[in-house]
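Only the coordinates and a few stated rules stand behind these numbers; no lab work does. Small disclaimer: the values here were computed from a predicted structure and weren't measured. Heads up, the Cβs are rebuilt from the backbone with ideal geometry, glycines too, and the neighbour counts pull from every protein chain shown.
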Amino acid sequence: MNCPDFAHKVEEYLDGCKALRTVLADHAAECPGCRELLAWADRIVSLPPPEPTTPAPEWTERVVQSVLRDRRMRRQRRTVAFALAASLVLAALILPILRWTTTPDANPTPVVAENAKPQPIPEQPRESVPELSLGPALRFGPASLEATRNLASEAARQATSLAAGAPGLRPKAEPRADPVADLGRNATGGLEPVVRSTRRAFDAWLDLLPVSTDEKPGL
Amino acid sequence: MSVDDARLVKRCQRDDPEAIRELVERFQGEVLGLCVRLVGDRHEAEDVAQEVFLRIFRSLHRWDSTRPLRPWIMAIAVNRCRTFLAQRRKRPETLEDLSGVAVRPSSTGDRELLQEIRLALEDVRPEYRIAFVLFHEQGRPYEFIAEALRRPVGTIKTWLHRCRQAVLERLRQRGMISEVGHELP
Ligand SMILES: [Zn+2]
């Protein structure tokens, strides 16, 4: 064995291969440099384990108390977090119900908006109409009508006040509630007053309502 | 896995104060011993060991009861010591403390050699020292150290090798090993 081989074997010996000790000792007997390396390695492999340290009883008490305190605090924090989460879930469940009872229908808004576009509305076959707007109307009945009516008149009021505050935007024609039959004919020229569109939309929507629910027993 | 350990842990999870005390008393000697060895200062080691126990109880629910409890606890202790040493290393006053160690006179006896090895370990990177202490002093296998320090076995072997080289170099500088002595590969 040469000296570089010896150094490699010392690494293996340090890694736990105790059987190499005899081979290493043979070379070390003839080589002073390697002998020192082996003496050092011997010291390393025979290092004593850290002695268990006996703590003072006060230290043990301190640790136990801090653990108990920590667990108590964490339990409280968990309880608070749980209560908070439960309240949030409850709120998430209750709020829509409250909204449901105070504002029966939010659906008419898109119906009105859809119909309020100032473009000619093509004539549609009577049979296809109920599928567009009948559902919400049947479900919420008079409350839905009332809400839509309120929405339309509020839109009209705001449009009138807007037009009054901006003379440049004054429409060519005076706002008036056109009969539903005129829908699509008057909507092409100039700036369409918002109030008329809203009223038209509302009238058109009213017109689309069925006469009685017997026509659609499935709903 | 000891049935006794598993039962004790279950009682601790139910916040039984007697069980908590029993667990602390069962492992405090070893945990504190390791902390003293790795941290050096007894008072600091006691603070670190206290934190180790807090962490043990906070993560008891994560202990896999099919595996032994002792290595799991010691791994937490090792990790906590490592964090502490990494933080302490950033404090400049610590470096001054350690530099004071280097002026001790050298001697040749076996006891002195042991002392010099331990002093040499003060100067190496904390993770090198932890790997060295766990492997050479505690007789832990590479796999345990790798798991405790969350590093691959290959990294642990490299750290250990570098640590031995650093210790050897230091002993040479201190005259504990003559210049004739060969290097590690
Ligand atoms: Zn040699």
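Between B:ARG125 and A:LEU95, what FRET efficiency comes out of the Förster formula 1/(1 + (r/R0)^6) with R0 = 60 Å and r the beta carbon distance, rounded to 0.05? Given R0 = 60 Å and the Cβ-Cβ separation, E is 0.55. Placing +1 on the Cβ of every Lys and Arg and -1 on the Cβ of every Asp and Glu, with no other charges, gives the range B:1-96 a dipole of roughly 420 debye about its Cα centre. Take each residue of peptide B:132-142, count the partner chain Cβ atoms within 10 Å of its Cβ, and average: the result is 3.
When chain B is treated as a Gaussian network with alpha carbon springs shorter than 10 Å, the biggest mean-square fluctuation among B:ALA131, B:ALA45, B:ALA86 belongs to B:ALA86. Neighbouring Cβ atoms from other chains, within 10 Å of the Cβ of residues in B:60-68, number 0 on average. As a rough guide to protection, the peptides A:40-48, A:92-100, B:9-17 ranked by mean Cβ packing within 10 Å, highest first, stand as A:40-48, B:9-17, A:92-100. Residues in the range A:14-28 carry Karplus couplings, in order, of 5, 6, x, 7, 5, 4, 6, 3, 5, 4, 5, 5, 4, 6, 4 Hz; the curve used is 6.51 cos²θ - 1.76 cosθ + 1.60 with θ = phi - 60°, and Gly or Pro positions show x.
Counting every C-alpha pair in the range B:1-96, the share spaced more than 20 angstrom apart comes to 38%. With bins 10 Å wide beginning at 0, the percent of Cα pairs of chain B falling in each bin runs 9, 32, 32, 18, 8, 2, 0. Grab the beta carbon distance between A:ARG21 and B:SER65, set R0 = 51 Å, and tell me the FRET efficiency rounded to 0.05. According to the calculation, E is roughly 0.80. Peptides A:3-15, B:59-71 ranked from most to least packed, by the mean per-residue count of other Cβ atoms within 10 Å: A:3-15, B:59-71. Under 14 Å from a label point 7 Å along Cα→Cβ of B:LYS10: give me every residue in the range B:52-74 with its amide N that close. Taking a point 7 Å out along Cα→Cβ of B:LYS10, the residues of the range B:52-74 whose backbone N falls under 14 Å are B:65-66. Extending 7 Å from Cα along the Cβ direction at A:ALA81 and again at B:ARG58 yields two label points whose distance is 1.1 nm. Over the C-alpha trace of the range A:3-45, radius of gyration and Dmax come out as 8.9, 24 angstrom.
Relative to the Cα centre, the charge distribution of chain B, modelled as +1 at Lys and Arg Cβ and -1 at Asp and Glu Cβ, gives a dipole magnitude of about 580 debye. Per-residue shielding of A:54-63, expressed as the average number of other chain Cβ atoms within 10 Å of the residue Cβ, stands at 5.
Each Cα pair under 8 Å and six or more residues apart adds its separation to the average, and for chain B the resulting relative contact order is 19 percent.
Spatially, the range B:128-161 and the range A:57-98 are offset by 38 Å when compared through their Cα centroids.
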